[in-house]
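K.L.:
Here it is, the structure in full.
Where a number appears in this text, it was derived from the coordinates with a stated rule and is not lab data. Every value quoted in this text rests on a predicted model; they were computed, and no experiment measured them. Positions of Cβ are backbone-derived with ideal geometry, glycine not excepted, and every protein chain shown enters the neighbour counts.
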Amino acid sequence: MKRREVVILDLDGTLIDERGTVDQAFLAVGQVVQAHVGLDAYRFARTARVTAQRLWWKATWTDPLSDIFGISAWDGLSEDFTEAVPALDRLHAWLPAFRQASWRLALERVGITDPGLAETISVSYTQHRHRDARPLPGAVELVEALACDRRLVVLTNGPGDGQRRKLQSSGLMDHMRDLVISTEVGFAKPDPRAVSLAVDRVGGKREEAIMIGDTYERDVLGALACNVPAIWVADRSPEVRLEHPLVTTVVSTAAVLAALHELEAPEVVPRLNAWTALLGKRGSAPGRRS
């Protein structure tokens with residue numbers, strides 16, 4: 001029985017609760033404001049969130065960068081984008097002004113003019129952004145089980161410094177053989193180069209790799225572009241997708257390990273390998289919409 005010796009793991013939404021870390025950071029900022037002026041913490045958190053996002057998209061040149069590298073206004077408020085490729089030099093230079101304007105305008109929208117407080121909450125947001133990065137249910141067990149005798153590599157879009165802090169904070173970093181991060185390599189999922197590089201980084205081969213991720217457009221399609229099987233973590237009702245013999249859908253990260261073992265069962269592996277070989281010749285496989 002041929003196993004998947006190389007396991008490529010998405011980070012946000014697959015191993016880490018990214019939405020939770022963003023919520024926590026904005027609430028921490030709101031609590032600072034509440035302590036200073038008595039304004040409701042949740043009200044300010046909502047205002048600050050909307051303000052930052054509007055400013056981010058107002059700079060229209062950030063749109064293609066956000067799409068190419070998988071970055072967001074939340075990243076712009078906290079990350080330094082160290083070790084980023086030259087394509088992000090303009091963004092790196094703009095970040096201090098973006099942060100200052102975001103916090104200042106958010107305070108002004110609730111009737112507060114206090115440059116000192118704006119600086120304080122900027123620091124607070126950065127400190128809390130990844131302080132308590134929480135693994136999703138089942139993520140620790142999955143990673144620990146796979147790391148015993150397989151090569152694990154994280155393939156993630158986003159700022160390198162922030163993604164590393166998440167992994168360190170979550171306790172998952174030590175189990176990874178390597179990381180491939182979009183802002184550091186210059187391309188992002190679903191670019192097939194991303195999956196290929198992840199496999200190469202751990203000395204593997206495509207035919208012995210599998211991708212695990214929660215985003216169909218980036219994780220799954222990126223894997224299929226390289227004829228690599230994928231386990232799609234669709235924690236919400238999935239939209240109608242083209243069914244594919246190399247894609248297995250699970251409802252949560254906690255269900256991934258059992259799905260992988262089932263795929264590697266003797267009666268499944270020959271069929272999976274046959275489909276992989278067929279795709280290698282034809283470049284695509286028949287499918288239907290469910």
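K.L.:
If you build a Gaussian network model of the chain, linking Cα atoms that sit under 10 Å apart, which residue out of LYS58, LYS205, LYS189 swings the most?
P.N.:
Looking only at LYS58, LYS205, LYS189, the biggest GNM fluctuation is shown by LYS58.
K.L.:
Put a dot 7 Å past each Cα toward the Cβ at ASP200 and ASP235; how far apart are the dots in nm?
P.N.:
Modelled inter-label distance: 3.3 nm.
K.L.:
Ok, one more. Could you give the spread of the C-alpha atoms of the chain along their three principal axes, from largest to smallest, in whole angstroms?
P.N.:
If we take the Cα atoms of the chain, the spans are 67, 37, 35 Å.
K.L.:
Over all pairs of distinct alpha carbons, what does the Kirkwood formula give as the hydrodynamic radius of segment 126-223, in Å?
P.N.:
Its Kirkwood hydrodynamic radius stands at 14.0 Å.
K.L.:
To the nearest µm²/s, what D does Stokes-Einstein give for segment 1-159 at 37 °C and 0.692 mPa s, using the Kirkwood radius over alpha carbon pairs as Rh? Spell out each step's value before the answer.
P.N.:
On the way: Rh = 17.3 Å.
Value of D from the Cα-based Kirkwood radius: 190 µm²/s.
K.L.:
Between ALA265 and HIS92, what FRET efficiency comes out of the Förster formula 1/(1 + (r/R0)^6) with R0 = 45 Å and r the beta carbon distance, rounded to 0.05?
P.N.:
Details: r = 48 Å, r/R0 = 1.07.
Efficiency, rounded to the nearest 0.05: 0.40.
K.L.:
At a Förster radius of 25 Å, what calculated FRET efficiency corresponds to the Cβ-Cβ distance of ALA254 and ASP174, to the nearest 0.05?
P.N.:
Values: r = 21 Å, r/R0 = 0.84.
Efficiency, rounded to the nearest 0.05: 0.75.
K.L.:
Further question: Given points 7 Å out from each Cα along the Cα-Cβ axis, report the ASP40 to VAL123 separation in nanometres with one decimal.
P.N.:
Each label point lies 7 Å from its Cα, and together they span 2.9 nm.
K.L.:
Please list, by residue number, every one of the chymotrypsin sites (Phe, Trp or Tyr not before Pro) in segment 33-76 that is coil in DSSP and has at most 13 other beta-carbon atoms within 10 Å.
P.N.:
On the way: sites: TYR42, PHE44, TRP56, TRP57, TRP61, PHE69, TRP74; in loops: TRP61.
Qualifying residues, ordered by number: TRP61.
K.L.:
Also: Run through segment 62-152 and list the GluC sites (Glu not before Pro) located in a DSSP loop whose Cβ has at most 16 other Cβ atoms within 10 Å. Could the numbers behind the result be given before it?
P.N.:
Values: sites: GLU79, GLU83, GLU108, GLU119, GLU141, GLU144; in loops: GLU79, GLU83.
Listed in order of number, the matching sites are GLU83.
K.L.:
Would you mind classifying segment 130-182 by shape? Square roots of the alpha carbon gyration tensor eigenvalues, ordered a ≥ b ≥ c; an a/c under 1.5 is rounded, otherwise it is prolate if a/b is larger than b/c and oblate if not. Mind showing how you got there, number by number?
P.N.:
Values: a/c = 2.18, a/b = 1.26, b/c = 1.73.
Oblate.
K.L.:
Where the only charges are on Cβ atoms (+1 Lys, Arg; -1 Asp, Glu), what is the dipole of segment 51-146 about its Cα centre, to the nearest 20 debye? Don't jump to the answer; show the numbers that get you there.
P.N.:
On the way: 9 positive and 13 negative charges, 86 e Å.
Rounded to the nearest 20 debye, it is 420 debye.
K.L.:
Using only helices, what value at 222 nm comes out for the chain when you add -39,500 (n - 2.57) per DSSP H run of length 4 or more and divide by the total residues, to the nearest 500 deg cm²/dmol?
P.N.:
On the way: 13 runs with 145 residues, N = 290.
Using -39500 (n - 2.57) per qualifying helix, the result is -15000 deg cm²/dmol.
K.L.:
Just want the answer: with Cβ charges of +1 for Lys and Arg and -1 for Asp and Glu, which residue in ILE68, LEU39, PRO245 is farthest toward the dipole's positive end in the chain?
P.N.:
The Cα lying farthest towards the positive end belongs to PRO245.
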